[in-house]
Each structure stands twice: as C-alpha cells, then as structure tokens.
1. Quick one: what are the phi-derived ³J(HN,Hα) couplings along region 173-181, Karplus 6.51/-1.76/1.60 with θ = phi - 60°, whole Hz, x for glycine and proline?
2. Sequence-distant or interchain residues sharing an amide H contact under 5 Å with LEU18, placed H: which?
3. How many percent of the accessible area of the chain is carbon or sulfur, using a 1.4 Å probe?
4. Report the full-extension gain for the segment ASP196 to VAL104: residue separation times 0.36 nm, less the Cα-Cα distance, to one decimal in nm.
5. So if each residue of separation counts as 0.36 nm, and I subtract the Cα-Cα distance between LEU127 and ARG70, what length gain in nm does that give?
6. Please give the contour-minus-distance gain from ARG151 to ALA16: 0.36 nm per residue of separation, less the Cα-Cα distance, rounded to one decimal in nm.
7. Give me the accessible area per residue for the chain, probe 1.4 Å, as a whole number in Å².
8. Please state, rounded to one decimal and in Å, the Kirkwood hydrodynamic radius that the chain gives when every pair of distinct Cα atoms enters the mean of 1/r.
Amino acid sequence: MDDDTNTREASAIAIADLTFAWPGAGGVCLDVPDFKVSRGERVFMHGPSGSGKSTLLSLVAGVLEPGAGRIVVLGQDLAALSARARDRYRAANIGFVFQMFNLVPYLTALDNILLPCRFSCERVSRLEVPAPAEARRLAERLDLEAGLLDRPASELSVGQQQRVAAARALIGRPGLVIADEPTSALDADRQQRFLDLLLAECDAAGTTLLFVSHDHRLSRRFERLVELRDINHVGRRAPG
Ligand SMILES: Nc1ncnc2c1ncn2[C@@H]1O[C@H](COP(=O)(O)OP(=O)(O)OP(=O)(O)O)[C@@H](O)[C@H]1O
Ligand SMILES: [Mg+2]
C-alpha cells in the first residue's frame, strides 16, 4: 500500500486539488489544494457568509460534483461512483443536517427521521433496536415531545424541524455527519443540549463530524477549528 493510500484510509475526508465554480456565477468559488479530516475527528468550520462553506459540504456529500480534483470520503473516491451509486453511498454513510433542513413537508416528523432507513439497508443493519424505537430515542434526546412525531414536518416550528433534521442525520450511525449551521434556530440552552447529544452520539458510534457554524461559543467543544479561507485558495494562486 503506498503512502497516499494509507493517508486516504486514515482520513474520513481527503480532498486534493479541488476546484468548483457555480455555473454563471462569474468565477471559481472553491480552490482547495489539500484538506483532510481524520476518522472520528470533530471539526468546527467557520467563515464569512457567502465564502463557500455550504458549497464545500455539498461537494463532500457528493450532492455537487467538482470541476476538478478528488474527494475521498471514508475511503471511497466519489468520482468513481455513478450518480445513483453516489446517492446510495451517501444514504448509507453520510448524515447531513442541511442549512435549510430539507425535510419532506408532508411526511410526519417520525417518517422524516426514518427516511435514511428507507433508502439504506446499511443504516438499518447498524441499529440495535427497531428503527422506529431508535427514531423515538433520538427525538427524545433532542427534546422533541412524542406528540410532535406524528405531525407533518410542515407544522413544526423551525427549531423543531432543525432537531428532526439532526435525528434524521444520526439514525443508523453513519460514518460521517455533516452539519450546516444546525443550531441557528435554537435557543442558547437547546443549542448546548443539541451539541451534547450530537457529540455523544458521534463519540458512541466513532462518527466523524464536520460542523459549520457562525457561533464561536460552540467551537470550544471541538478538537479542530478550520477557517474556510485557510484551506480555500481562491484568488491566491499566482497567474499562469
Ligand atoms: N445554487 C447556487 N447557484 C449559484 N451560486 C450559488 C448557489 N449557491 C451558492 N452560490 C454562491 O456560492 C457562493 C458560496 O455560497 P455558500 O452558500 O456556499 O456560502 P456559505 O459560506 O455557506 O454562506 P452562509 O454562511 O451565508 O451560509 C456565494 O457567492 C453564493 O452566491
Ligand atoms: Mg451556508
């Protein structure tokens, strides 16, 4: 096994020579020569609004495809997968708390939490209890009252939706959890409890956590802080 392969296997995320430009947006948004996150590591990423944090997370999740470069997630080169295989890989291995939650509005909170289990047998196979019981356990730990679980997601408050999105990301112990401003709609007390749960669940499952937030009060709970501009070299390379 060569050094490069060793490094990739030790990494939950290994990015090399990545560039990405939004079509029609007038220029490169991301230029990341090298960024790695170790397995089990908890990383807090921050940076100004519009700097490309959510874009980077979507690339790591395989929702977007890079213009150039390589993204290896939990040992899998995303470019080696077809779009369908990438969707399956994501469902099995990556829990994503989107900035806008992306819940299915007409499904109940419980069915939203269970969605990854519908799309991935791997998620189900990692459960020690039936999926609905695990969904209820996560919901309870996130302070979502049992009565809320039977309501459509569209009838929940923004903070409740955010917690449903977190439970959906965590169910079935994915190897990587990506969270994009997951506490923005929560009050200070709930933010801390939310983080307690997220970190405890990630610890218990050996899950790697890439957490984006503007709230620096939360950063002290993380092993590593990354400012996006320290890894994103947009505008820095010499011409030619
Ligand atoms: N769907 C899209 N189409 C075109 N351009 C986009 C799209 N989404 C984001 N962008 C552009 O890409 C850049 C980075 O946006 P992104 O959402 O990744 O920033 P961010 O760091 O997550 O910001 P915030 O902290 O406000 O969430 C911005 O200039 C934005 O306008
Ligand atoms: Mg964002």
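The values are calculated or read from the model by the stated rules, or taken from the named source; none is laboratory data. Predicted model, so just to flag it, every value in this text is computed and none were measured. In this analysis, Cβ positions are derived from the backbone assuming ideal geometry, glycine residues included, and neighbour counts consider all displayed protein chains. Quick note on the areas: whole protein, heavy atoms, side chains included, nothing else; ligands and nucleic acids left out. Shrake-Rupley method; radii C 1.70, N 1.55, O 1.52, S 1.80 Å.
1. 3J(HN,Hα) across region 173-181, in whole Hz: 6, x, x, 9, 10, 10, 10, 9, 6.
2. Here VAL32, ARG70 satisfy the definition.
3. 50 percent
4. 30.5 nm
5. Between LEU127 and ARG70, full extension yields an extra 17.4 nm.
6. 44.2 nm
7. Averaged over the residues of the chain, the accessible area is 47 Å².
8. 18.4 Å is the Kirkwood radius here.
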